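Readers should treat all values here as calculations from the given coordinates under stated rules, not as data from a laboratory. Note that the structure is predicted; figures quoted are calculated from it, not measured. Heads up, the Cβs are rebuilt from the backbone with ideal geometry, glycines too, and the neighbour counts pull from every protein chain shown.
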Amino acid sequence: METSLARDLMTDEEWTFFEHFILAARGPNGRKPTNHRLVLDGVFWIARTGSPWRDLPEEFGKWSSVYRQFRRWTLAGLWEDILDALNQSGAVPDALQMVDSTVIRAHHQAAGAKRGTPRQGFGRSRGGFTTKVHLRVNAHGLPMRTEITPGQTSDYLGFDLVMHDNLPEPKVLLADRGYNADRIRKNMDKRDIITQIPMRKTRKMRVGVDHTLYRLRNMVERCFNKLKNARRVATRYDKTAESFLGFIDITSIRLWIRHLST
């Protein structure tokens, strides 16, 4: 294959990791796969390049077959299961965690899926459709949970989505002042989580922040930058919320694997 294609091919060690989950997700009466490793490589190529599915190189197989398998895996919750397993593995410290969000511009052809744009995670702005990605990361800047909402959604709602889960609880949680709400602080206090969230200037009751610790919050911003190296994440081309979130999770999993391999 050409060098540009070879960049997306898994190593044997990476495939060994994915193979266990793929075999577990396969239906007992499903057809025998032709080459799931090659299909997964094709999905990685789409994620990195942001290309339309029809432009998938022939070396990865028929584009429609690769797309259908991607959708099966996505709807079966495969990517979430893999992320959960990585988070529960204890391979990376999780006492310190961070949350943040970023707004992704959607391509104009991404809209138009069934059930309407809000349910597919689209919001309207002057520039067109947008989607907000909410992210929770650990002390190594690795994604723990990702969620999407319409672009105009409050960070308060996004916070509930990424923190209401069965993931390992942090001892300390860092977030910017966009998450400065009494409800969030009280909820974290009940869970014995120390919050480091700057106060808004309009707040009368002031709560101090450990600035040395708070500087580590840049890891969540760096994580967003790494995720956006995948063009399918940096710009939303997918009509459905499941597919777009699937590409975010796929890119997150590959960040984990690269980190653990080094």
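Helix-only estimate, please: 222 nm mean residue ellipticity of the chain, summing -39500 (n - 2.57) across DSSP H runs of length 4 or more and dividing by its residues, to the nearest 500. Could you put the intermediate results ahead of the total?
Details: 11 runs with 113 residues, N = 262.
Roughly -13000 deg cm²/dmol at 222 nm, from the helical runs in the chain.
From largest to smallest, what semi-axes in whole angstrom does segment 59-111 give when each is the square root of 5 times an eigenvalue of its alpha carbon gyration tensor?
Values: eigenvalues 174, 84, 18 Å².
Those come to 29, 21, 10 Å.
Calculate one ³J(HN,Hα) per residue across segment 38-45 by plugging θ = phi - 60° into the Karplus curve 6.51 cos²θ - 1.76 cosθ + 1.60, and present them in order as whole Hz with x for glycine and proline.
So the J values, rounded to whole Hz, are 5, 4, 5, 4, x, 5, 4, 5.
Provide the per-residue ³J(HN,Hα) series for segment 103-109, in order, calculated from phi with Karplus coefficients 6.51, -1.76, 1.60 and θ = phi - 60°, each as a whole number of Hz, with x at glycine and proline positions.
9, 10, 6, 9, 5, 5, 7
Using every pair of alpha-carbon atoms in the chain, split the distances into 10 Å bins beginning at 0 and state the percent of pairs per bin, rounded to integers.
6, 29, 33, 22, 8, 2, 0
Amide H neighbours of residue 100 under 5 Å, at least 5 residues apart or on other chains, H built in the peptide plane: list them.
Residues meeting the criterion, in which the H sits 1.01 Å from N, are 135.
Say each of residue 262 and residue 68 gets a label point 7 Å from the Cα, pointing the same way as Cα to Cβ; how far apart are those two points in nm?
Reported label-point gap for residue 262 and residue 68 is 3.9 nm.
Give the relative contact order (percent, whole number) for the chain; include only Cα pairs under 8 Å separated by 6+ residues.
Working: 387 pairs, mean separation 56.4, N = 262.
Relative contact order, the chain: 22 percent.
Calculate, in nm to one decimal, what residue 221 and residue 13 gain on full extension: separation in residues at 0.36 nm each, minus their alpha carbon distance. Please report the intermediate quantities before stating the final value.
Working: separation 208, 0.36 × 208 = 74.88 nm, distance 2.87 nm.
Extra length from residue 221 to residue 13 when fully extended: 72.0 nm.
Across the Cα atoms of segment 135-181, what radius of gyration and what greatest pairwise Cα-Cα distance (Dmax) are found, in Å?
Cα-based Rg and Dmax for segment 135-181 come out at 10.9, 30 Å.
Apply the Karplus curve 6.51 cos²θ - 1.76 cosθ + 1.60, θ = phi - 60°, to the phi angles in segment 136-144 and return the couplings in whole Hz, x for Gly and Pro.
These are the phi-based 3J(HN,Hα) values: 10, 10, 9, 5, 9, x, 9, x, 9 Hz.
5 Å is the cut-off here: which amide hydrogens, built 1.01 Å from N in the peptide plane, fall below it relative to residue 132, excluding neighbours closer than 5 in sequence?
It is 104, 149, 151, by chain and number.
With a point put 7 Å past each Cα toward its Cβ, work out how far residue 105 is from residue 213 in nm, to one decimal.
3.8 nm
With a cut-off of 8 Å between alpha carbons and a minimum separation of six or more residues, what is the relative contact order of segment 178-262 in percent?
Working: 32 pairs, mean separation 13.0, N = 85.
RCO, segment 178-262: 15 percent.
Under the rule a/c < 1.5 gives rounded, and otherwise a/b versus b/c splits prolate from oblate, where does segment 157-262 land using the Cα gyration tensor? Each step should come with its number before you reach the end.
Values: a/c = 1.97, a/b = 1.77, b/c = 1.11.
Note, shape of segment 157-262 comes out prolate.
Need the full-extension length gain, residue 235 to residue 20, defined as separation in residues times 0.36 nm minus the C-alpha distance. One decimal, nm. It would help to have the intermediate numbers written out before the result.
On the way: separation 215, 0.36 × 215 = 77.40 nm, distance 3.05 nm.
Going from the current span to full extension adds 74.3 nm.
Could you work out how far helix 63-75 tilts from the main Cα principal axis of the chain, as a 0 to 90 degree angle to the nearest 10?
Helix 63-75 and the main axis of the chain meet at about 40 degrees.
Cα atoms only, segment 70-170: Rg and Dmax in Å?
Here Rg and the maximum Cα pair distance are 15.1, 44 Å.
For the chain, with a Gaussian network of springs between Cα atoms less than 10 Å apart, report the residue from 217, 124, 145 with the top mean-square fluctuation.
Answer for the Gaussian network model of the chain: 124.
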